[in-house]
Amino acid sequence: MRPFTVLIGILLGSAASVAFGLGTVLIVYCILAGRHPDLVRELPRLLMSFAAFLVLTAASAGSFLGQIRARSWRGWAHTATLLCLAGVFALYWPRGK
């Protein structure tokens, strides 16, 4: 396996595990929201983070499959993965106040 394929695989696995963890936390927050109203304030940000990592997982999965099978569209998939990764960075980059 080539090094670039390994890097995409690491990104895919990391994004999938973070998305799974955020999804699990989202389920727990939804269950506990009735008893703990302060958790409701966290739901929009948690949902946005979950969606961002879900999209990154899908893009990196497409990129990984395109790279493994040497498809002609893999360049577009790599670009989509890079854009999604940049979006996740932008979502979490600290903003000055």
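Every number in this text was worked out from the coordinates using simple rules, so none of it is lab data. All values derive from a computational prediction rather than experimental measurement. Cβ placement follows ideal geometry from the backbone for every residue including glycine, while neighbour counts extend to all protein chains displayed.
Computed quantities for the displayed model
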{"read-out": "Dipole of the chain, positive end: most advanced residue of 52, 5, 22 [Cβ charges, Cα centre]", "value": "5"}
{"read-out": "For peptides 37-45, 2-10, sequence by mean Cβ density within 10 Å, most packed first", "value": "2-10, 37-45"}
{"read-out": "Most positive-pole-ward Cα, 31, 85, 43, against dipole of the chain from beta carbon charges", "value": "85"}
{"read-out": "Angle between the chain longest axis and helix 74-92 axis [Cα atoms, degrees, rounded to 10]", "value": "30 degrees"}
{"read-out": "The chain shape via C-alpha gyration tensor axes, a/c threshold 1.5", "value": "prolate"}
{"read-out": "Contact order relative to length of the chain, as percent, for alpha carbon pairs under 8 angstrom and 6 or more apart", "value": "30 percent"}
